[in-house]
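Only one structure is covered here, and it is reproduced in the block below.
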Amino acid sequence: MKKVLLGETYSCSVYSVPDKVADNLREYCMEYCTWLQKSPEAESTRKKWRSPSDDGFINYLNKFAFPQCESKLVEELSGKCSYIQPNTNIPDQYRNNPEYSGLPYFYF
């Protein structure tokens, strides 16, 4: 499991996800967006999260993409990362983390 940061306009959070997801974060996020729009299995998710969200993405990983590996929240960085720009306002403990340095954020 590797750590990744998923962000929105006003916040970001650190999640532990399968290595394969962390190494291909953009691809898995886009796969989630496609699944959310088209899959009949996504109907309940669409009702709960009307647009792609990090919570919905983690739920998708746990229920559909990688049910054998639990992705989970490590830390919320809400106040620390407002209006995040890549590699700015990242807490030191995550700044040099090679597990996510290539793709520190993904905005839906």
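The values are calculated or read from the model by the stated rules, or taken from the named source; none is laboratory data. Since the model is a prediction, treat every value here as computed from it, not as a measurement. Neighbour counts run over all protein chains shown; Cβ positions are idealised from the backbone, glycine included.
How about segment 1-22: which of its residues are out of contact with any Pro (no Cβ under 7 Å at 6 or more places or on another chain) and assigned to a loop (DSSP other than H, G, I, E, B)? Outline the logic, then answer.
First, the residues of segment 1-22 that are out of contact with any Pro (no Cβ under 7 Å at 6 or more places or on another chain): 2-4, 6-22.
Across segment 1-22, the qualifying residues are GLU8, THR9, TYR10, SER11, PRO18.
What residue, among those in segment 9-22 that are buried (at least 16 other Cβ atoms within 10 Å of the Cβ) and more than 14 Å from LEU61 (Cα to Cα), is modelled with the highest pLDDT?
Of all residues in segment 9-22, those buried (at least 16 other Cβ atoms within 10 Å of the Cβ) come to 11-18, 21-22.
After this cut, where a residue has to be more than 14 Å from LEU61 (Cα to Cα) as well, the list is 11-14.
Working: SER11: 68, CYS12: 74, SER13: 80, VAL14: 86.
Here the residue is VAL14.
So which helices (runs of 4 or more DSSP H) stay within segment 23-83 end to end and still have 2 or more residues that are buried (at least 16 other Cβ atoms within 10 Å of the Cβ) and at pLDDT 85 or above? If you could, list the steps in order and put the result at the bottom.
Details: elements: 25-38, 43-48, 54-60.
Of the helices (runs of 4 or more DSSP H) lying wholly inside segment 23-83, those with at least 2 residues that are buried (at least 16 other Cβ atoms within 10 Å of the Cβ) and at pLDDT 85 or above span 25-38, 54-60.
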